[in-house]
Amino acid sequence: MDNLVDGYRRFRNSAWPGRKALFEKLAALGQRPQTLVIACSDSRVDPSMIFDAGPGELFVVRNVANLVPPYSAPDHAHHGTSAAIEFAVRVLEVRQIVVLGHALCGGAGALIDGAPEAARDFLPDWIKIAAPARDVALNLSEDAAERRRIVEYQCVKLSLHNLETFPWIRKRVEEGQLVLHGAYFAVATGVLERLRADGTFGAA
């Protein structure tokens with residue numbers, strides 16, 4: 001914890017004075033982000049850093065492998081990702097959603113190789129959401145590295161597809177009030193790719 005407190009002190013001494021007015025405005029008026037980013041929990045992939053966004057600009061949801069589960073009827077189970085998406089879309093009324101995948105994704109690797117022994121309570125059921133992405137990769141390539149990359153791309157596409165199973169997302173998309181985007185970040189090179197209309201990824 002000491003290293004985090006040290007970081008906070010640097011923030012207060014260097015960043016806070018220049019952003020004090022912004023935070024006061026955000027506190028008084030509330031948040032009005034225009035973009036929801038659904039990203040992986042991987043510590044190397046920081047959406048605010050990648051998109052050079054400041055406080056109040058992005059509403060960020062992070063989980064293993066940047067997955068969106070398909071819509072299901074409300075019940076008493078825990079739906080953390082769906083709850084965050086609902087808040088962003090129906091309360092904050094974001095104008096765009098970006099699903100941000102990345103290279104070297106541990107969740108994508110677990111889809112192919114199985115969950116690590118130390119993460120068998122919750123991870124296997126969670127990544128089952130992306131079983132179709134794994135199946136595509138297994139059918140398209142026998143090369144391990146290529147399969148991994150295909151799974152990472154397919155997880156983005158799968159999450160975009162699942163977003164449109166939410167009726168209030170589909171309605172907003174159809175009415176032109178909401179736009180969905182896919183993106184992919186290469187950790188080693190810092191290159192961002194966007195999902196194009198033809199289903200391929202290319203440099204942004």
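The values are calculated or read from the model by the stated rules, or taken from the named source; none is laboratory data. From a predicted model like this one, the values you see are computed outputs, not experimental measurements. Ideal geometry is used to build each Cβ from the backbone, glycine not excepted, and the neighbour counts take in all protein chains shown. Heads up: the accessible areas ignore ligands, DNA and RNA and are worked out on the full protein's heavy atoms, side chains in. Shrake-Rupley method; radii C 1.70, N 1.55, O 1.52, S 1.80 Å.
What full-extension length gain, to one decimal in nm, is calculated for M1 and S41 as 0.36 nm per residue of separation minus the Cα-Cα distance?
On the way: separation 40, 0.36 × 40 = 14.40 nm, distance 1.98 nm.
That works out to 12.4 nm of additional length.
Classify region 22-105 from the C-alpha gyration tensor, please: rounded if a/c falls under 1.5, else prolate or oblate depending on whether a/b exceeds b/c.
On the way: a/c = 2.21, a/b = 1.14, b/c = 1.93.
It comes out oblate by the Cα gyration axes.
Could you report the accessible area of R44 in Å², rounded to 10, computed with a 1.4 Å probe on the protein chains as they sit in the structure?
120 Å²
How much length, in nm to one decimal, is gained on full extension between F122 and A77, taken as 0.36 nm per residue of separation minus their Cα-Cα distance?
Working: separation 45, 0.36 × 45 = 16.20 nm, distance 1.41 nm.
Stretched fully, the F122-A77 segment lengthens by 14.8 nm.
Measuring from label point to label point, each 7 Å out along Cα→Cβ, what is the D198 to H181 span in nm?
Each label point is offset 7 Å from its Cα along the Cβ direction, giving 2.1 nm.
Students often forget the sequence filter, so: which lysines lie under 20 Å Cα-Cα from K171 once same-chain residues fewer than 8 apart are removed?
Leaving aside lysines fewer than 8 places away in the same chain, those within reach of K171 are K157.
Say we join alpha carbon atoms closer than 10 Å with springs in a Gaussian network model of the chain; which of P17, P132, P124 then has the biggest fluctuation?
Highest fluctuation of the listed residues: P17.
If you average the C-alpha positions of region 103-131 and of region 185-204 separately, how far apart do those two centres end up, in angstrom?
23 Å
Please find the FRET efficiency linking L22 to M49, where r is the Cβ-Cβ separation and R0 is fixed at 22 Å, and quote it to the nearest 0.05.
Numbers: r = 18 Å, r/R0 = 0.80.
It comes out at approximately 0.80.
Just to be sure I understand, if you calculate Cα Rg over 2.2 N^0.38 Å for this structure, which of [x] 0.93; [y] 1.10; [z] 1.18 do you get?
Only one option fits the structure, namely [y].
Enumerate the aspartates and glutamates that K128 could reach by cross-link, defined here as Cα to Cα under 17 Å, with residues fewer than 8 away along the same chain left out.
Excluding near neighbours in sequence, the set is D113, E117, E152.
Projected onto the charge dipole of the chain (+1 at Lys/Arg Cβ, -1 at Asp/Glu Cβ, origin at the Cα centre), which of L195, G30, G176 gives the Cα projection farthest towards the positive end?
G30
For region 61-153, run through the GluC sites (Glu not before Pro) and keep only the ones in DSSP coil with at most 14 other Cβ atoms within 10 Å of their Cβ.
Numbers: sites: E86, E93, E117, E142, E146, E152; in loops: E93, E117, E142.
Those satisfying the criteria are E93, E117, E142.
Count the net charge of all other residues whose Cβ sits under 10 Å from the Cβ of G107, scoring Lys and Arg as +1 and Asp and Glu as -1.
Residues close to G107 contribute a combined charge of -2.
About its Cα centre, what dipole magnitude does region 1-117 give when the only charges are +1 on Lys and Arg Cβ and -1 on Asp and Glu Cβ, stated in debye to the nearest 20? Display every interim value, and only then the final one.
Numbers: 11 positive and 12 negative charges, 127 e Å.
Dipole size: approximately 620 debye.
With each label point set 7 Å from Cα along the Cα-Cβ vector, what nm distance links E146 and T189?
My value for the distance between the label points is 1.7 nm.
Only four residue types carry charge here, +1 at the Cβ of Lys and Arg and -1 at the Cβ of Asp and Glu. Report the dipole size of the chain about the Cα centre in Debye, rounded to the nearest 20.
Values: 23 positive and 24 negative charges, 146 e Å.
Charge dipole, the chain, about its Cα centre: 700 debye, nearest 20.
Report the extension gain between R9 and Q96 in nm, rounded to one decimal, defined as 0.36 nm multiplied by the number of residues separating them, less their alpha carbon distance. Don't skip to the end; give the middle numbers.
On the way: separation 87, 0.36 × 87 = 31.32 nm, distance 3.42 nm.
Stretched out fully, the R9 to Q96 stretch lengthens by 27.9 nm.
So for region 5-98: antiparallel DSSP bridges make up what percent, rounded to the nearest 5?
Details: 0 of 9 bridges.
Rounded to the nearest five, the antiparallel share is 0 percent.
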